[in-house]
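Taking it in order: structure first as C-alpha cells, then the write-up.
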Amino acid sequence: MAERDQYGQIQDVNEADLAPDTCSLFEIAAESAVSDAESDPVNRRFPVQELDWFRRNAYNLGILTSSEWQPPYTARILNACIALTECYPADDTLSQTTAVELALTTLRCHFVIAASILKQVRTEQDASRSSSRVQHYRELRHHVAEYDATLHTKPLASDVHTHDDLTMKYTTLLVYDFEAAMQLSQFTELRAIIDRQKPFGNVLAYKAMGDMLLQSSTTPPKEVLLTTLKHLINEIHTLEAFNAAKLAKYLRCLFHVLLPKNDALALSILDHFAQLSLEAKVVNTTVDVEREWFVVRAFNHALDYYVRFEEEGCRVWAGRAVQMAEEMDDGGVLARALRGRLEHLRFRGGGSF
C-alpha cells in the first residue's frame, strides 16, 4: 500500500508497488463483467462503454509497465484484459473496426503474457520450484495455442505492417513453445511445432530451436533427438539452398557441439555436409574451407578412439575423414597425408588401418 504523510497526502511511490492493487482492481472488474455476460447476455449491467474503458486501460497499463512490474503482475493484468475482451457481444453484432481491435488486443496480450512467463520461469532455477516451473511452461503453451487460434480465426487488419508484426510475434512464440515442450518432455510435439514454423521461412527461428534441442537440460530420447535435428537441418537447408557457405558454417557449429556427446548425431551432420558439398559443386560454389575443418576434426576424433584402444570407432571416423579429404580440390594432398599417418597405426589384433 502507498504510504501517506501526516496530512494524508500520498508520498512518493514507486509505481511498481501499486501493481498488486492495480491487478486486483482489474481482476474484480473482469470477474464482474464475465458474471454479467453469463447471467443476462441481453440486459447487461456492464455496457460496452464500460468494457471499453476497463479493457483499454488494462491493456495500456500492462504494456506500459511490462518493463517495470514483476512478470506475474504483467500476466495478471493482461489476463484480465483478455477476459474483458471475451465479454463483448458476438462478433456479428460488432462493427468491423471493433472486432479487429478486440482480436489485435487479444493477440498482443497473449504474446506479452507468454514472454513474461518465459522471463519468470528462466529465473526459477531452484529445484524446489520445479512444480511451479512445470505449471508456468504449461501456461506458456496455452497462450501460444490461444494466439494461434485467434490469429487464424478472427478478423484482423489487412495492412502490411500489422500482418508482418503479428507474423513475427507468432514465429517468436513458436520458439517459446518449442522450449516449453522440451522442458515438459513433450517430445512427440516438437516436429509439429517445427512444421507450424514452415510457412514463414524464418531461418533464425529454426536455428534457435536447434540450439535449444542441443543445449536443453531436458534431453529427448536419442531417436527423437536425431529425427528432430535432421528435420530442422532440412528446413534450414531449404531456406539457405543458395547460400552454401552460411549453411556450412551452421553445420560446423552443430558438429562442434555434438561431437563430444553423440557419435550418431555427429555422423549425421557429416552426411548433411556431404550432401551440401555436392549441391554446392553443381552451382560452382566451394565449401573447401569448411570441408578441411570437418576432415581435421573427424580425423582427430578417430585418433581419440585409437588412444582408447577402440578400433571400430577409430576405423569409422578415420574412414570418413579420408573420404571427405578425397573430395578436396587440392590434388589429393590432404588425403595422402592422412593415409600416411594411418599407416603408422597398429591395432591390438596386429592389423593396420
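The values are calculated or read from the model by the stated rules, or taken from the named source; none is laboratory data. Just so we're clear, the structure is a prediction, and the values are computed from it rather than from any experiment. Positions of Cβ are backbone-derived with ideal geometry, glycine not excepted, and every protein chain shown enters the neighbour counts.
Does residue 259 count as over 23 Å from residue 191 (Cα atoms), crowded, with 17+ Cβ neighbours inside 10 Å, at pLDDT 85 or above and out of contact with any strand residue (DSSP E or B) (no Cβ under 8 Å at 6 or more places or on another chain)? Yes: the conditions hold for residue 259.
Among the residues making up segment 120-152, those that are of a type in the set (Val, Ile, Thr) and modelled with pLDDT of 90 or more are 121, 134, 144, 150.
Within segment 240-256, the set of residues being modelled with pLDDT under 85 and either over 20 Å from residue 202 (Cβ atoms) or hydrophobic (A, V, I, L, M, F, W, C) (or both) comprises 241, 242, 244, 245, 247.
Might you check whether a residue that is outside the structural domain of residue 162 (by TED's automatic domain parsing), modelled with pLDDT under 85, within 24 Å of residue 149 (Cβ to Cβ) and surrounded by fewer than 14 Cβ atoms within 10 Å (Cβ to Cβ) occurs anywhere in segment 83-90? Looking for residues that are outside the structural domain of residue 162 (by TED's automatic domain parsing), modelled with pLDDT under 85, within 24 Å of residue 149 (Cβ to Cβ) and surrounded by fewer than 14 Cβ atoms within 10 Å (Cβ to Cβ), one finds at least one in segment 83-90, hence yes. In segment 262-270, the condition of being more than 36 Å from the chain's Cα centre (by Cα), free of Cβ contacts under 8 Å to residues at least 60 places away in the same chain, part of a helix (DSSP H, G or I) and crowded, with 16+ Cβ neighbours inside 10 Å is met by no residue. Taking the listed residues 294, 309, the one that is in a loop (DSSP other than H, G, I, E, B) and either in the same structural domain as residue 337 (by TED's automatic domain parsing) or free of Cβ contacts under 8 Å to residues at least 12 places away in the same chain (or both) is 309, with no other qualifying. Scanning segment 308-339 for residues being within 17 Å of residue 259 (Cα to Cα) and of a type outside the set (Phe, Trp, Tyr) gives a total of 12. Of all the listed residues (248, 274), the sole one being surrounded by fewer than 21 Cβ atoms within 10 Å (Cβ to Cβ), in the same structural domain as residue 323 (by TED's automatic domain parsing) and part of a helix (DSSP H, G or I) is 274.
In the condition set (1) closer than 23 Å to residue 233 by Cα; (2) in a helix (DSSP H, G or I); (3) not charged (D, E, K, R), residue 285 is compliant with all but (2). Of the residues making up segment 255-284, those that are farther than 25 Å from residue 221 by Cβ and small (Gly, Ala, Ser) are 274, 277, 280.
Each row is one residue, and each column tells you yes or no for (1) charged (D, E, K, R); (2) buried (at least 16 other Cβ atoms within 10 Å of the Cβ); (3) modelled with pLDDT of 95 or more; (4) on the phi > 0 side of the Ramachandran plot.
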| residue | (1), (2), (3), (4) |
| --- | --- |
| 278 | no, no, no, no |
| 282 | no, no, no, no |
| 285 | no, no, no, no |
| 309 | no, no, no, yes |
| 314 | no, yes, no, no |
| 324 | no, yes, no, no |
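Check whether at least one residue in segment 300-320 is within 26 Å of residue 238 (Cα to Cα) and out of contact with any Ser or Thr (no Cβ under 7 Å at 6 or more places or on another chain), and report yes or no.
Yes: one or more hits.
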